[in-house]
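Take a look at the structure set out below.
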Amino acid sequence: MNDKKKSGIGQKIAMAAVIVFIIVCGFIVDKDTVQQSAWALVPPIIAIALALITKEVYSSLFIGILTGALFYSGYSFEGTLMHIFSDTVVAADGTETTYGIISVLSDSYNVGILVFLVVLGAIVQLMNRTGGSAAFGNWASSRIKSRKAAECTTVLLGVLIFIDDYFNCLTVGSVMRPVTDKHHVSRAKLAYLIDATAAPVCIIAPISSWAAAVSGFVEGQNGISLFIKTIPYNFYALFTIFMMFLMIFLGLEYGPMKTHELNALKGDLYTTEDRPYADAEKKRLRTDGHVIDMLFPIAVLIICCVIGMIYSGGFFSGESFIDAFANSDASIGLVLGSASAIIITIVFYLIRGSLSFKDCMDCLPQGFMAMVPAILILTFAWSLKSMTDSLGAKEFVAGVIAGSAGSFVSFLPFIIFLIAVFLSFATGTSWGTFGILIPIVVAIFESTDPTMMVLSMSACMAGSVCGDHCSPISDTTIMSSAGAQCNHLNHVSTQMPYALTCAVVSAVTYIVAGLTKSAVISLIVGAALMVITVFVLRAKFGMLQEQE
């Protein structure tokens, strides 16, 4: 029996096992006992496990949503159907909360992100249609002479674009994809480089939408000041960037990524048969474009998005630049910025004669179609998070943290890191995870041990980013796949071993930090451990042979 048939049988067995499990749960689970219990995390775990086993993300996410709705409604047909799509729940204090697919698509923040995605897709189509992307690839290739240089440039660009992770993912992907393609870097590796310089960079950048989000979760404290204090203790973010450079310079690849990279050296950038973006690449009809046709839209996009972010934070109403970023709304800012950028880009192309007005308008629906896979996955991922919220996952995790705070104080950062990793992985949201954990940590330590408060906050943030980095239902992971134009589950499966390696080193470092309460000692120990780990992996798996 060949591998393909074995894989098909395994997928059917996994699907059947999940269906049987869901049916059995109908007899042993009561809808009241599910609330604020470990059962609240079962739906996302089912979705993630199915996605990784079956390699089919849409059905897996929907089954997770269905499971959450069944748990919530007590297996009532009408209640399940309503909870999947739109279900308004009135709390004891009279507040109303709406759950389901329609509710997440009605949320103004989510709609803004989807609009930003579509506009970015259209801008990419415009650049491709003018031949700007191909021209930039040729220009960059004459200066970037090796795969290592192409990968390092991708990382450096990702570090420089620290304003917002969504913006980072799509912009870095658009700019670097032609370059990495020419140097035979697999789409899976490009997606990893993008993802590893999105959230990990934003979570240590004081001027970013992430810093604004963290500061908003800290009441009664100077949020930005606390955020800056957490940076030296944010081990996962710092070690992820360190590990990327080590691996690039040492030529180390392992796990599924090594297969993708070896195939890329032979000319196959995708490895798997499923390559949903390959046709989009073939639509680059022109090869006579100019570098300016790519650089101008990207520069305008960056400038307009920065202005949009600070505008949404009140910069033009008298707020300082830092405060404007702290108060910014990423959804509104990115929509305003990207919409302005696409208008300016179209006018620029018309003046230059790069495209006709009809060609520009044709790119709009093509940009939308290119982003449909990312939009569909995002919608299901948001809906799955809505299911976990309705089952009381936040309250359950808050209880676990509060109950463990009195014991093992020195090991609490380590424990918080692990809990944050698991919760973020299961729910697919780093913001939601540190939004749950940070207020608890601040309440426990703000009046007793300020250093432990900062350290524990860092553990919350680092664990949230780590879990988000691994999760197939994370919006940042989905955006990275879209930015690299890579099959989403290829990105997840190749990235996970790298993320877990860094997670183990970070977890050990949090034990050291909890015992010493010293950022310097912890960073030295963690960095040394990372170097040792990478050299051990290199000794075991060898170096990737470059094809120059």
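Would you confirm, using the coordinates I've provided, whether A393 is at pLDDT below 80, of a type in the set (G, A, S) and in contact with a Phe, Trp or Tyr (Cβ under 8 Å, 6 or more places away or on another chain)? Taking the combined requirement at face value, the residue does not satisfy it.
Whether any residue in region 320-334 is assigned to a loop (DSSP other than H, G, I, E, B), touching a residue at least 12 places away in the same chain (Cβ under 8 Å), among the small types (G, A, S) and closer than 17 Å to I113 by Cβ is what I want to check. The answer is yes; a qualifying residue exists.
Here's the yes/no breakdown for (1) modelled with pLDDT under 85; (2) within 31 Å of the chain's Cα centre (by Cα); (3) surrounded by 15 or more Cβ atoms within 10 Å (Cβ to Cβ):
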position	(1), (2), (3)
G64	no, yes, yes
Y72	no, yes, yes
V90	yes, no, no
S106	no, yes, no
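Restricting A212, A237 to residues that are modelled with pLDDT of 90 or more and under 22 Å from the mean Cα position of the chain (by Cα) narrows the list to A237.
Restrict the check to region 486-501 and report whether at least one residue is assigned to a helix (DSSP H, G or I), farther than 30 Å from V118 by Cβ, open to solvent by 10 Å² or more (accessible area, probe 1.4 Å) and hydroxyl-bearing (S, T, Y). Yes: region 486-501 contains one or more residues that are assigned to a helix (DSSP H, G or I), farther than 30 Å from V118 by Cβ, open to solvent by 10 Å² or more (accessible area, probe 1.4 Å) and hydroxyl-bearing (S, T, Y). Scan region 11-34 and give yes if some residue there is in contact with a Gly (Cβ under 8 Å, 6 or more places away or on another chain), farther than 29 Å from V421 by Cβ and open to solvent by 60 Å² or more (accessible area, probe 1.4 Å), otherwise no. Within region 11-34, one or more residues are in contact with a Gly (Cβ under 8 Å, 6 or more places away or on another chain), farther than 29 Å from V421 by Cβ and open to solvent by 60 Å² or more (accessible area, probe 1.4 Å).
Listed conditions (1) modelled with pLDDT under 90; (2) open to solvent by less than 50 Å² (accessible area, probe 1.4 Å); (3) over 15 Å from the mean Cα position of the chain (by Cα) are all met by E546, apart from (2).
In region 335-355, the residues that are farther than 20 Å from L114 by Cα form Cβ pairs under 7 Å with partners that are among the acidic types (D, E) and part of a helix (DSSP H, G or I), at six or more places apart or across chains, as follows: S354/D293. Taking first residues from region 230-243 that are part of a helix (DSSP H, G or I) and partners that are of a type in the set (S, T, N, Q), the Cβ contacts under 6 Å between residues at least 6 apart in sequence or on separate chains come to T230/S458; Y233/S458; F235/S506; F235/T509; Y236/S506; F239/S506. Considering only region 337-389, state which residues are within 24 Å of the chain's Cα centre (by Cα) and not in a helix (DSSP H, G or I). Passing the criteria: only M371.
Out of (1) at positive phi; (2) modelled with pLDDT under 85, what's the single condition that is false for G100? Among (1) at positive phi; (2) modelled with pLDDT under 85, the lone unmet condition for G100 is (2). Of the residues screened, A122 is not one that is more than 23 Å from G255 (Cα to Cα), of a type in the set (A, V, I, L, M, F, W, C) and modelled with pLDDT under 80. Taken over region 116-167, the criterion of being buried (at least 20 other Cβ atoms within 10 Å of the Cβ), farther than 28 Å from V335 by Cα and charged (D, E, K, R) is satisfied by R147, E151. Filtering A443, A528, A426 for residues that are open to solvent by 30 Å² or more (accessible area, probe 1.4 Å) and at pLDDT below 85 leaves a single hit, A443.
Only residues that are touching a residue at least 12 places away in the same chain (Cβ under 8 Å) and touching a Lys or Arg at 6+ places or on another chain (Cβ under 9 Å) were counted across region 76-120, and they come to 1.
Residue-by-condition table, conditions (1) open to solvent by less than 40 Å² (accessible area, probe 1.4 Å); (2) among the acidic types (D, E); (3) in contact (Cβ under 8 Å) with a residue 40 or more places away in the chain; (4) in contact with a Lys or Arg (Cβ under 7 Å, 6 or more places away or on another chain):
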{"residue": "T477", "(1), (2), (3), (4)": "yes, no, yes, no"}
{"residue": "Y510", "(1), (2), (3), (4)": "yes, no, yes, no"}
{"residue": "L515", "(1), (2), (3), (4)": "no, no, yes, no"}
{"residue": "I521", "(1), (2), (3), (4)": "no, no, no, no"}
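Filtering V454, V465, V441 for residues that are under 13 Å from the mean Cα position of the chain (by Cα) and within 21 Å of F411 (Cβ to Cβ) leaves a single hit, V465. If the condition is being open to solvent by 20 Å² or more (accessible area, probe 1.4 Å), outside any loop (DSSP other than H, G, I, E, B) and free of Cβ contacts under 8 Å to residues at least 60 places away in the same chain, then region 305-319 contributes I307, Y311, S312, F315, F316, S317.
The values are calculated or read from the model by the stated rules, or taken from the named source; none is laboratory data. Remember, predicted model here, so these are calculated numbers, not experimental data. Cβ atoms come from the backbone with ideal geometry, glycine included; neighbour counts cover every protein chain shown. Note: accessible area is taken over every heavy atom of the protein model, side chains too, but ligands, DNA and RNA are not part of it. Shrake-Rupley method; radii C 1.70, N 1.55, O 1.52, S 1.80 Å.
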